[in-house]
1. Could you look through the range 152-188, keep only residues that are modelled with pLDDT under 90 and exposed (fewer than 12 other Cβ atoms within 10 Å of the Cβ), and pick out the one that is farthest from the chain's Cα centre (by Cα)?
2. Output the residues belonging to the range 204-218 that are in a helix (DSSP H, G or I) and buried (at least 16 other Cβ atoms within 10 Å of the Cβ).
3. Hey, can you tell me all the residues within the range 171-194 that are at negative phi, in contact with a Lys or Arg (Cβ under 7 Å, 6 or more places away or on another chain) and not β-branched (Val, Ile, Thr)?
4. Considering only the range 134-151, state which residues are β-branched (Val, Ile, Thr) and under 30 Å from the mean Cα position of the chain (by Cα).
5. Note down all Cβ pairs under 6 Å where the first residue falls in the range 196-212 and is without any contact (Cβ under 8 Å) to a residue 60 or more places away in the chain and closer than 18 Å to Gly21 by Cα, the second is surrounded by 16 or more Cβ atoms within 10 Å (Cβ to Cβ) and not hydrophobic (A, V, I, L, M, F, W, C), and they're at least six residues apart or on different chains.
6. Applying the selection to the range 86-115, what residues are out of contact with any Leu (no Cβ under 8 Å at 6 or more places or on another chain), farther than 23 Å from Val37 by Cα and of a type outside the set (S, T, N, Q)?
7. Of everything in the range 98-148 that's of a type in the set (Asp, Glu) and part of a helix (DSSP H, G or I), which residue is modelled with the highest pLDDT?
Amino acid sequence: MSIALRSNQQQLQIWLASTSGQYLQAKEQYLYDHAVVDLFGFNALQMGCAQMELLRNSRIPNRFVASEFAIDTVQSQLSCSDDFLPFADMSIDLLLLPHRLEFSERPHQTLREAARVMMPEGHLVISGFNQLSLWGATAGLKKITSKNSSYPWNGKFIGLTRLKDWLALLGFEVVSVEMCCHIPPFEQQSWHKRFSFFDKVSSRRCAMLGGVYFVVAKKRVVGMTPIKPSWKLSPLKSTLIPSPTQSKPTQKDLLKQSNRRK
């Protein structure tokens, strides 16, 4: 593990314990719990954010949690990179990417790997920080004022419109989009309580300005169009069976010819 990856992992654990981190975990846990309960299949994978049990409500029998880091304190089944997942083609029915794209070195490759390992009609669930929000504005200010900003402000936030375009190019259909975390990312608990009304007001009047977007997409595969036979047309004749060139006269025809001669 590189020093940069280890530092990012340590910052993630520290931030999740903060006021904003606890607030984000509660909001996202609620969305994931309600989304995965109605998605079925045989294999489910959560890539990243191993501190959160995002598959706890899933009824899929085989559930795995993967992380890029070897963490002793978290129960993760494997450690791998999301750029090259160690799974066979079309083997995953449900894949969760909680805040993986904005912290991936190659987000396009991460989505391509997701499309490769997912089953047709499988579901991809993505949560990410919204650029057009107070959370996105905070990240921009942190990068301007500080060269070494900490998690999560050091990530490359991806806009929702751009994400939808990427999913469409890879053959995914966006099933639903929800927004959460409308309260600004205050670190002080007192300020966080003062702006608690933002969750109700902002979610009704300007829902798209939420700090986090939650996208559920389905992998679509173009199938073959069945060709129905046309029963009105005459059946094809085989060229191996010779057809008679002249029909033989029947007994009635012979009687008619004899009567005419008489």
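The values are calculated or read from the model by the stated rules, or taken from the named source; none is laboratory data. Note that this is a predicted model, so its numbers are computed, not measured. Glycine also receives a Cβ, built like all others from the backbone with ideal geometry; neighbour counts cover every protein chain displayed.
1. Gln188
2. Leu209
3. Phe172, Glu173, Cys180
4. Once the filter is applied, which keeps residues that are β-branched (Val, Ile, Thr) and under 30 Å from the mean Cα position of the chain (by Cα), the range 134-151 yields only Thr138.
5. Taking only residues 6 or more apart or on different chains, the pairs are Phe198/His182; Asp199/His182.
6. Ala88, Asp89, Glu102, Phe103, Glu105, Arg106, His108
7. Glu113
Conditions (1) of a type in the set (A, V, I, L, M, F, W, C); (2) crowded, with 18+ Cβ neighbours inside 10 Å, marked per residue:
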residue	(1), (2)
Pro98	no, yes
Phe103	yes, yes
Arg116	no, no
Gln131	no, yes
Ile144	yes, no
